[in-house]
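The block underneath contains the structure these notes are about, expressed in structure tokens.
The values are calculated or read from the model by the stated rules, or taken from the named source; none is laboratory data. The structure presented is a predicted model; accordingly, all values stated were derived computationally and were not measured. A quick note on method: Cβ atoms are made from the backbone with ideal geometry, for glycine too, and the neighbour counts reach across all protein chains shown.
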Amino acid sequence: MIIQSCTLSQLWDELKTSCDFVKARANVNHFNLHNRWRKRGVAMVPTKFGISFTAKHMNQVPNASPTAASASSDLYGAAVLDACEQIKARMQCIAATKTHSSFAEVMCCSLKLSYLSLILLVRACYLERIDLSAHGFYITPNIGFDWKVGKGIPFNYFTYGAAFAEVEIDTLTGDFYTREADIIMDLGHSLNPAIDVGQVYVMSTF
């Protein structure tokens, strides 16, 4: 499998700079040299997480699978978009017959359709008995993996990240705690930054 659009190297360099790893390691070495029973350590680790479901029967909606591992945004989101495109195509036929500027806006993606304009268009479609519901369906393209021969493309794409942590341990009791932790993730164009931050907090072990 050829990995494309990998940003891991960039993330690694950015994290190493932001946490000042060289200085942190020097400080830890100095601390360990002067403390017999308490020791500190630093580490940086990369992460690569594949976004997909390797079982084909879980790669479409409806037949909905749990809202996990980006299923909602990748699978359900694409299915919703498919349904919306169907409704939009039907509404455009009605919008094209109207001369009012508010209807003309529907045909132009560069203009924002006002709430009032949308109400007028929906009402016109309803009165013309246009079907305003749709069934959306989406299948993640070009994925599939044969576990017996070890060939195929198991993931549609990957998310990348890197983490730095400095910990201190009491070598007599085993008690330890995290002194500092830095995490950097490539989340692309975030649908909801609050959710992404929450995911990072929850999935980290710090």
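Structure summary
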read-out	value
Enumerated strands (runs of 3 or more DSSP E) restricted to the range 128-206, each holding at least 1 residues that are in contact with a Leu (Cβ under 8 Å, 6 or more places away or on another chain) and under 20 Å from S5 (Cβ atoms)	157-170, 176-186
The range 132-151 residues that are in contact (Cβ under 8 Å) with a residue 60 or more places away in the chain, paired with ones that are assigned to a strand (DSSP E or B) and surrounded by 11 or more Cβ atoms within 10 Å (Cβ to Cβ) (beta carbon under 6 Å, 6 or more apart)	I139/Q60; I143/I153; G144/G152; F145/G152
Residues satisfying the stated conditions in the range 73-93, i.e. under 27 Å from the mean Cα position of the chain (by Cα) and small (G, A, S)	S73, G77, A78, A79, A83
Options I184, I139, I195; residue that is exposed (fewer than 14 other Cβ atoms within 10 Å of the Cβ), within 30 Å of K16 (Cβ to Cβ) and either of a type in the set (A, V, I, L, M, F, W, C) or in contact with a His (Cβ under 7 Å, 6 or more places away or on another chain) (or both)	I195
Scope the range 159-179; condition free of Cβ contacts under 8 Å to residues at least 60 places away in the same chain and loosely packed, with under 14 Cβ neighbours inside 10 Å; matching residues	T173, G174, D175, Y177, T178
Pair list, Cβ < 6 Å and 6+ apart or interchain, from the range 23-38 residues that are assigned by TED's automatic domain parsing to the domain that holds T178 to residues that are surrounded by 10 or more Cβ atoms within 10 Å (Cβ to Cβ) and β-branched (V, I, T)	A24/V42; R25/V42; V28/V42; W37/T171
